[in-house]
Amino acid sequence: MQVKREERYSLRLQVNGKRYEEQVEPRKLLSDFLREDCGLTGTHVGCEHGVCGACTVLVDGRAVRSCLILAIQAEGADITTVEGLAKDGKPHPLQEAFSECHALQCGFCTPGILMSSVEFLQTHADPGKEEIADMLSGHLCRCTGYKGIVEAVQQVADRRKEGEVRESGDPVSICSRTTPTV
Amino acid sequence: METKQIGKPMKRVEDARLTSGQGSFIEDMNPLPHIHHAAILRSPYPHARIKAIRTQVAEEMPGVKGVVTGQDVAACTNPFPVGVTASVHYYSLAVDKVRYVGEPVAVVVAKNRYLAEDALEKIEVEYEPLPAVVEIEQALLPDSPLLHEQVGSNIANHRHFSYGDPDKAFREADVVIKHKFAFPKYSATPVETYGVIASYQSSDDSLTIWSNFHGPFTLQSVMAAALRIDSNRLRILIPKDVGGSYGIKSGVYPYMVLMGVVSKKLGLPVKWIEDRQEHLMASSSGTDRVTWIEAAVKRDGTVTGLRMKMVDSVGAYVRAPEPACLYRTHSNTTGAYRIEHLQMETIAVMTNKSPTGLIRGYGGQQLYFPLERIMQMVATKLGLDPAEVLRINLLGKEEFPYQTPSGGIYDSGDYKSAFDKLIGMVGYEEFRQRQKEARSKGKLLGIGLACIVEPSGSNMGYITVALTPEERSKSLPKSGCAEGATVSIDPMGGISVRISTAPTGQGHETVAAQIVGEVLGVDPCTVKVVAEMDTLTSPWSVASGSYSSRFAPIGSSAVYQAAGKVREKLLRIAADQLGCSPDQLEMKGGKVALRNDPAKQVSLRRLVGSAHWNPQGLPAGTEPGIHETAFYTIPTAQPPDEQDRVNGSAAYGFVADAVVVEVDAATGDVKILNYCTVHDAGVLLNPLIADGQIMGGLAHGLGGALYEELAYDKNGQFLSGSFMDYLCPTATEMPPVTIGHIESPSPLTPLGAKGLGEGNTMSAPVVIANAVADALAEWDVTVDTLPLSPNRVWSWIQQSKKKKEEYA
Ligand code: FES
Ligand code: FES
């Protein structure tokens with residue numbers, strides 16, 4: 001696509017099942033677009049250089065650092081942010097597990113970690129602690145020492161294995177709303 | 001419903017909003033229309049004279065509303081006040097000179113941040129570079145370049161202290177062990193950076209500032225003084241959610257002042273959100289410190305005296321509350337040990353690095369690194385086991401309350417039981433066996449121990465020991481650690497609590513709800529806690545805020561007392577209605593009933609209703625409404641005495657750590673195999689939150705031990721400007737951690753609680769260093785600086801190998 005810096009680009013995409021059509025500057029980051037143009041401030045920005053993971057959202061089902069891509073690169077995409085995790089007023093099992101396991105303190109890193117964990121659970125049927133820690137190594141949390149976070153993700157994985165996860169917020173069903181692209 | 005709430009691992013009331021993206025952090029807030037965005041131009045030089053700043057091109061760019069420079073700031077603000085006598089002029093923008101890489105030089109305001117950053121590139125600044133001072137010892141040299149010519153040296157503060165008879169202790173010592181230790185400069189890098197929204201209103205010359213600041217609110221007066229504004233015209237509001245701080249965000253206050261000036265000059269509300277690079281190079285950090293330590297020791301390992309010379313680098317400006325890092329642990333300089341003779345020299349120097357300030361553990365990691373290293377070196381020198389040396393020196397349970405030579409009053413403790421528990425937990429004896437076997441196979445295993453006292457709830461008076469008794473006597477003495485809280489009940493029975501502890505993730509809303517729930521006999525989930533601090537409407541005092549682990553000993557006590565006042569009032573009304581005396585009544589399950597005749601009862605709602613809807617029916621002399629505020633301080637938080645003794649904290653907890661490491665001699669890599677930690681923080685108010693705080697503090701200490709450093713080259717150029725260069729521990733770096741507790745309730749706080757959450761930040765750097773030293777025992781290596789990066793450890797091993805070969 002060819003656009004000039006000062007031109008505005010008409011961007012169409014879906015966020016949390018809602019359609020958005022907005023005029024954006026081509027240089028605008030997806031993170032800024034979500035926060036400023038969509039008003040979805042649950043996606044946080046901690047470094048803007050791809051290390052802290054706070055800005056992670058799902059783009060077509062994949063966990064992506066929204067500070068590393070431009071909004072216009074998400075043309076036509078189906079995006080899920082932390083605001084879209086609960087379904088029909090019921091929290092996602094990861095949201096509950098994070099509270100039960102005291103996996104958050106200030107909560108600034110939490111939205112990004114939740115989104116990565118959603119994708120991770122979708123792609124890992126029976127993860128062990130080490131795999132969970134590996135997945136989390138793309139995120140910085142300076143509050144918790146990560147212990148509760150590993151436990152929370154493990155808890156959801158274990159419960160899912162035991163068939164305990166309720167239909168409403170099933171980590172698989174939340175992602176199956178989106179269609180993976182190549 | 002159970003009546004006991006305090007001490008339960010209740011899930012946090014903060015979590016629902018934070019896990020669903022409904023938190024409100026500073027960047028999420030748009031409290032006013034037409035907010036414009038600020039971007040800051042910063043110095044690329046460590047030390048340079050500013051010859052000229054040209055802003056015209058920038059000012060004419062699209063969307064730009066104006067530019068503010070140091071001249072504007074100097075014209076309408078005063079330098080920030082600070083508690084030392086050296087005359088250092090610190091402003092929120094550089095005036096005439098820049099003194100560190102990243103120092104703010106100009107501010108651009110534009111319609112959005114993208115445009116503001118575009119304009120930054122068009123500002124031209126002419127600099128004349130000057131030689132920089134980087135190292136602490138270099139700053140002390142008489143011919144060192146000067147940062148602040150009018151001070152005459154780079155020394156911002158210098159004091160000598162002597163307690164007991166240190167000369168005698170050293171004369172009578174069997175051995176004296178001494179060494180020099182260097183502690184590095186590092187931060188805590190909260191994932192949310194600094195943010196400020198400022199709005200000036202000319203009609204009444206007032207400023208409203210929103211920021212993720214968390215106190216200490218002594219700094220409100222510092223800001224008001226800098227802004228030349230009456231303190232009640234400087235309204236500071238803290239958002240409900242602050243994305244972590246660990247002390248670092250108290251350093252946002254110069255930017256609050258700066259944005260106040262910018263808003264006033266440009267006549268617009270402005271918002272500034274710091275980016276990560278700015279945060280790393282210029283926000284705040286712990287101090288780097290060089291310590292020369294000497295221990296006077298008896299042959300059995302008893303340490304009888306200490307001499308310490310501690311030199312902190314506070315960066316380019318001594319900025320309040322610095323030089324407090326030097327004095328925060330003054331009362332507990334002798335740690336967990338019975339050491340009666342102490343001599344200290346404390347110096348704060350200014351160097352061409354970013355200014356320092358509060359950080360989790362404040363002063364503790366800098367103190368315990370040399371202290372606990374020297375304890376291990378005592379054992380090595382005398383051929384004793386370090387566990388024996390610690391045990392022989394630890395204070396006994398019967399010695400509490402214990403007064404330290406420098407004036408600390410350790411309120412309670414059972415250090416030896418905690419230590420024994422630790423030794424059992426880590427399997428110390430078995431490990432020594434395992435270590436021998438590993439060594440025979442060429443594997444380097446080591447175990448480190450550390451015992452530390454964790455002070456909490458700082459006494460406002462401690463920082464005044466930076467001044468001599470004569471200097472102190474010229475102004476009002478400072479003492480106490482006052483904090484306030486309000487509990488009120490609305491006409492329909494809804495309970496709300498207002499606190500001024502400015503939490504940054506520690507779960508104060510939850511714990512306050514637990515306390516009020518227990519005192520008033522209601523479900524804590526029905527209690528609404530408002531933690532958004534507002535200096536015009538919240539109950540606060542100078543000590544308010546979130547620092548020095550003061551919520552458990554102090555903040556929670558204020559909540560407890562305010563709830564107690566409400567309870568007392570409700571009982572008085574109930575007694576009147578039930579025709580009995582208040583002490584015959586009990587309050588639980590939303591009711592007040594006669595203890596001996598529970599059928600005689602009245603609901604809380606009805607009692608509250610009486611206070612609001614029918615004040616005429618209240619017992620004589622009772623005010624209408626239910627709204628009670630309490631302020632709490634601790635009587636032992638006295639000002640320093642003539643001999644410079646001061647009890648710097650409300651309560652003193654204890655932490656004992658044992659760490660097992662394996663060092664790879666070929667690469668220098670340090671792997672932590674096991675981390676055990678035993679805490680005594682008195683009564684735990686919420687064990688779930690307590691363990692979370694411990695883990696977080698430990699991860700931070702581990703980062704300091706192994707990874708984190710704000711590094712500068714020898715010319716003062718900054719080297720750690722991104723998260724690619726400044727390494728924070730991630731989940732894969734966390735070792736297995738076992739946490740143990742014992743509880744020696746504080747006799748001083750109403751709930752018996754002491755602060756916690758900073759202990760392992762203080763202990764982890766040294767306990768890991770001790771473990772590495774133990775692993776490298778066969779090499780001639782003294783672990784005397786951090787972080788223990790593979791490169792550093794490998795170089796030590798190489799040097800020692802070389803020495804051995806040369807010797808052979
Ligand atoms: S903000 Fe995107 S990774 Fe840090
Ligand atoms: S909870 Fe604060 S950074 Fe993770």
Whole-Å semi-axes of region B:519-658's equivalent ellipsoid (Cα gyration tensor):
37, 18, 16
Accessible area per residue for the protein assembly as shown in Å², computed with a 1.4 Å probe and the full protein assembly in place, what is it?
36
For B:Val13, list long-range residues whose amide hydrogen, built 1.01 Å from N in the peptide plane, is under 5 Å from its own amide hydrogen.
B:Thr510
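Which pairs in the list B:Lys441/B:Lys802; B:Lys565/B:Lys588; B:Lys180/B:Lys353; B:Lys436/B:Lys671; B:Lys4/B:Lys240 are over 25 Å apart, alpha-carbon to alpha-carbon?
Details: B:Lys441/B:Lys802 22 Å; B:Lys565/B:Lys588 16 Å; B:Lys180/B:Lys353 22 Å; B:Lys436/B:Lys671 18 Å; B:Lys4/B:Lys240 28 Å.
Pairs exceeding the cut-off: B:Lys4/B:Lys240.
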Accessible area (Å², 1.4 Å probe, nearest 10) - B:Arg605:
140
Could you check the spin-label model distance between B:Glu470 and B:Ser496? Points 7 Å from the Cα along Cα→Cβ, value in nm.
5.4
Per the Kirkwood definition applied to all pairs of different Cα atoms, how many angstroms is the hydrodynamic radius of region A:93-161?
11.6
For region B:361-417, what mean projected area does the convex hull of the alpha carbons give, in nm²?
4.7
Which one, B:Phe723, B:Asn760, B:His741, projects farthest toward the positive side of the charge dipole computed for region B:703-779 from Cβ point charges (K/R +1, D/E -1)?
B:His741
Projected label distance in nm at B:Thr782 and B:Gln150, using a 7 Å step from Cα toward the beta-carbon:
4.2
If I take R0 = 60 Å and measure r between the Cβ atoms of A:Ser10 and B:Lys714 in this structure, what FRET efficiency does the formula 1/(1 + (r/R0)^6) give, to the nearest 0.05?
0.70
Taking the chain alone as reference and the full protein assembly as comparison, with a 1.4 Å probe on protein heavy atoms only, the residues of region B:22-53 that lose at least 40 Å² of accessible area are B:Phe25, B:Glu27, B:Asp28
Rounded to one decimal in nm, the spacing of the 7 Å Cα→Cβ label points at B:Asp597 and A:Glu130 is 7.1
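State the Kirkwood hydrodynamic radius of region B:113-221 in Å, one decimal place, computed from all pairs of distinct Cα atoms.
Numbers: mean 1/r = 0.0470 Å⁻¹.
Kirkwood radius, region B:113-221: 21.3 Å.
Across peptide B:7-20, how many C-beta atoms of other chains are within 10 Å of each residue C-beta, on average?
On the way: counts 0, 0, 1, 0, 5, 5, 1, 5, 12, 5, 2, 12, 19, 13.
The shielding value for this peptide is 6.
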In this structure, among B:Lys714/B:Lys801; A:Lys28/B:Lys111; B:Lys265/B:Lys474; B:Lys122/B:Lys271, pairs with alpha-carbon gaps over 26 Å are B:Lys714/B:Lys801; B:Lys265/B:Lys474
Cα gyration tensor of the protein assembly as shown - equivalent ellipsoid semi-axes, whole Å, descending:
40, 37, 32
If the only charges are +1 at each Lys and Arg Cβ and -1 at each Asp and Glu Cβ, what is the size of the charge dipole of region B:482-632 around the Cα centre, to the nearest 20 debye?
280
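How far, in nm, would the chain grow between B:Glu398 and B:Ser24 when pulled straight, counting 0.36 nm per residue and subtracting the alpha carbon separation? Before the final figure, lay out the partial values.
Values: separation 374, 0.36 × 374 = 134.64 nm, distance 4.87 nm.
Going from the current span to full extension adds 129.8 nm.
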Here the FRET efficiency for B:Asn791 versus B:Thr732, based on Cβ atoms and R0 = 30 Å and rounded to 0.05, is 0.90
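Rounded to a whole number, what % of the accessible area of region A:93-161 do carbon and sulfur atoms account for, probe 1.4 Å? Can you show the working numbers first?
Details: 870 of 1960 Å².
The nonpolar share, carbon plus sulfur, comes to 44 percent.
If region A:1-131 were replaced by its equivalent ellipsoid, with semi-axes equal to the square roots of 5 times the Cα gyration tensor eigenvalues, what would those be, largest first, whole Å?
On the way: eigenvalues 154, 45, 38 Å².
So the three semi-axes of region A:1-131 are 28, 15, 14 Å.
What does the net charge come to around B:Pro469 if you take all other residues with beta carbon closer than 15 Å to its beta carbon, with K and R at +1 and D and E at -1?
0
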Tell me, what HN-Hα J-couplings in whole Hz come from the Karplus equation 6.51 cos²θ - 1.76 cosθ + 1.60 at θ = phi - 60° for each residue of region B:484-494, using x for Gly and Pro?
x, 7, 10, 10, 9, 10, 7, x, 8, x, x
To the nearest 0.05, the calculated FRET efficiency linking B:Cys580 and B:Ser417 through their beta-carbon distance, R0 being 30 Å, is 0.10
Chain B - Rg and Dmax from Cα coordinates, angstrom
27.5, 97
With a 1.4 Å probe and ligands and nucleic acids left out, the total accessible area lost when B pairs with A, in Å² to the nearest 100, equals 3900
Under 12 Å, Cβ to Cβ, from B:Ala295 - net charge with Lys/Arg +1 and Asp/Glu -1
+2
Find which of A:Leu94, A:Pro26, A:Ala54 sits farthest along the positive direction of the dipole of chain A, computed with +1 on the beta-carbon of Lys and Arg, -1 on that of Asp and Glu, about the Cα centre.
A:Pro26
Region B:712-782-region B:162-185 distance, computed between alpha-carbon centres (Å)
24
Can you list the trypsin sites (Lys or Arg not before Pro) in region B:432-480 that are in a DSSP coil and have 13 or fewer other beta carbons within 10 angstrom?
B:Lys441, B:Lys474
On a C-alpha basis, how far is the centre of region B:306-355 from the centre of region B:24-59 in Å? Whole number, if you could?
34
Rounded to whole angstrom, the alpha-carbon centroid of region A:87-143 lies from that of region B:469-503 at a distance of 37
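Is any helix in chain A, taking whole DSSP H runs, at least 18 angstrom long along its axis by alpha carbon and on average at least 0.5 on the Kyte-Doolittle scale, and which ones?
Values: long enough: A:110-123 (20 Å, 0.64); A:147-161 (21 Å, -0.70).
What comes out of the filter, once short or polar helices are dropped, is A:110-123.
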Percentage relative contact order, region B:482-632, counting C-alpha pairs under 8 Å, at least six apart
33
HN-Hα J couplings of region B:415-425 from phi, Karplus 6.51/-1.76/1.60, θ = phi - 60°, integer Hz, Gly and Pro as x?
4, 5, 4, 4, 5, 4, 4, 5, 4, x, 4
Can you give me the relative contact order of region A:9-82 as a percent, contacts being Cα pairs under 8 Å and 6 or more apart?
39
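Over chain B, what is the relative contact order in whole percent, taking alpha-carbon pairs under 8 Å and six or more residues apart? Each step should come with its number before you reach the end.
Details: 2039 pairs, mean separation 130.1, N = 808.
Taking the mean separation of contacting Cα pairs over the length of chain B, I get 16 percent.
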Using θ = phi - 60° and Karplus 6.51 cos²θ - 1.76 cosθ + 1.60, couplings along region B:671-676 (whole Hz; Gly, Pro as x):
10, 8, 8, 7, 10, 10
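The values are calculated or read from the model by the stated rules, or taken from the named source; none is laboratory data. Computed from a prediction, not measured in an experiment: that's the story for all the values here. Note: ideal-geometry Cβ built from the backbone for every residue, glycine included; neighbour counts use all protein chains shown. What goes into the accessible areas is simple: the full protein's heavy atoms, side chains included, and nothing from ligands, DNA or RNA. Shrake-Rupley method; radii C 1.70, N 1.55, O 1.52, S 1.80 Å.
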